[in-house]
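Shown next, in structure tokens, is the structure this report addresses.
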Amino acid sequence: MKVIDLIKGITDSETLSSMMIDLVNEAPTIDKLTPILERELTEEQLQTIKSIADSGNYPLSLIKGEIAKDNRQVV
């Protein structure tokens, strides 16, 4: 599953808004954002995301290799 597919599945407006702002702040151009959206998530990352979603323990950051701000969990 790609990051873009995960984002498409977010139905909570506040969570989606937070995720979009995070992504655009980190990658403010099409050339920088596209590779992030096209990145394949590993099985371990998907399990982490599922666990976070099941627990409601948001927020979550999808920016690979970055330290999460505001206690977000980085995937």
Ordering Ile36, Ile30 by how much accessible area each has at a 1.4 Å probe, largest first, what is the list? Ile30, Ile36
With a point put 7 Å past each Cα toward its Cβ, work out how far Thr15 is from Arg39 in nm, to one decimal. 1.9
For the full complex of protein chains and a 1.4 angstrom probe, list Met1, Met19 by accessible area with the highest value first. Met1, Met19
Just reorder Val3, Val24 by solvent-accessible area, largest first, 1.4 Å probe, all chains present. Val24, Val3
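The values are calculated or read from the model by the stated rules, or taken from the named source; none is laboratory data. Worth saying up front: this structure is predicted, and the values here are computed from it rather than measured. Note: ideal-geometry Cβ built from the backbone for every residue, glycine included; neighbour counts use all protein chains shown. What goes into the accessible areas is simple: the full protein's heavy atoms, side chains included, and nothing from ligands, DNA or RNA. Shrake-Rupley method; radii C 1.70, N 1.55, O 1.52, S 1.80 Å.
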